[in-house]
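Bear in mind these aren't lab numbers, they're just calculated from the coordinates by the rules spelled out. The model shown is predicted, which means the values in this text are computed figures rather than measured ones. Positions of Cβ are generated from backbone atoms using ideal geometry, with glycine treated the same way; all protein chains shown enter the neighbour counts.
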Amino acid sequence: MDKQPLNEQNFEKAVKSYQPKPPYVLNCIKAFIVGGLICVFGELLSQMYVHWFDYSEENAMNPTVATLILLAALATGFGVYDKLGQFAGAGSAVPVTGFANSITSAALEHKSEGLVLGVATNLFKLAGSVIVFGVVAAYVLGIIRYVWSLIF
């Protein structure tokens, strides 16, 4: 039997033969259910603000988003959101709660370096890029809308 020399391609083939196949369908189902439940919870919060606190449908979104951010940050701090993320995968990355989780976990990871150089610096490493992208995207879309309104 002729053994091939161990190079990068042969190594990858050897390793893949020992790796279990990921359960793609089950992972998709778990992500769909958990992401959907987070969204349903957000809708329940929104309806609570409408019916219990007399917010309009439009104005209820602000306290709903703030509450979801607070709850996701608290869940991250207590280690609950990490367990949810391990179970649900991409389903836990719903934009509002996923962003709150990523910012809070970055801040908690570097808290030993101090408030300014640890927490604040690492908190804005992630948030800064998202904010910059949001501002640039809003600017570009505003220009497109303005040009569109001139043409039509």
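For the stretch 20-38, filtering for residues that are among the basic types (Lys, Arg) and either in a helix (DSSP H, G or I) or surrounded by 13 or more Cβ atoms within 10 Å (Cβ to Cβ) (or both) leaves 1.
Restricting GLY114, GLY118 to those that are surrounded by fewer than 15 Cβ atoms within 10 Å (Cβ to Cβ) and over 27 Å from LEU45 (Cβ atoms) reduces the list to GLY114. Condition (residue is under 20 Å from GLY35 (Cβ atoms), of a type outside the set (Lys, Arg) and touching a helix residue (DSSP H, G or I) at 6+ places or on another chain (Cβ under 8 Å)) applied to the stretch 51-60: is it met by at least one residue? No; the residues of the stretch 51-60 include none that is under 20 Å from GLY35 (Cβ atoms), of a type outside the set (Lys, Arg) and touching a helix residue (DSSP H, G or I) at 6+ places or on another chain (Cβ under 8 Å). Annotation note: of GLU57, GLU8, the sole residue that is over 19 Å from THR97 (Cβ atoms), surrounded by 10 or more Cβ atoms within 10 Å (Cβ to Cβ) and not hydroxyl-bearing (Ser, Thr, Tyr) is GLU57.
Here GLN47 meets each of (1) surrounded by 18 or more Cβ atoms within 10 Å (Cβ to Cβ); (2) farther than 22 Å from LYS125 by Cα with one exception, condition (1). Among residues of the stretch 53-72 that are assigned to a loop (DSSP other than H, G, I, E, B), those with a Cβ under 7 angstrom from a residue that is surrounded by 13 or more Cβ atoms within 10 Å (Cβ to Cβ) and among the polar types (S, T, N, Q), sequence gap 6+ or separate chain, pair up as ALA60/SER46.
Once the stretch 79-111 is narrowed to residues that are outside any helix (DSSP H, G or I) and among the aliphatic types (A, V, I, L, M), the residue that is surrounded by the fewest Cβ atoms within 10 Å (Cβ to Cβ) is ALA93.
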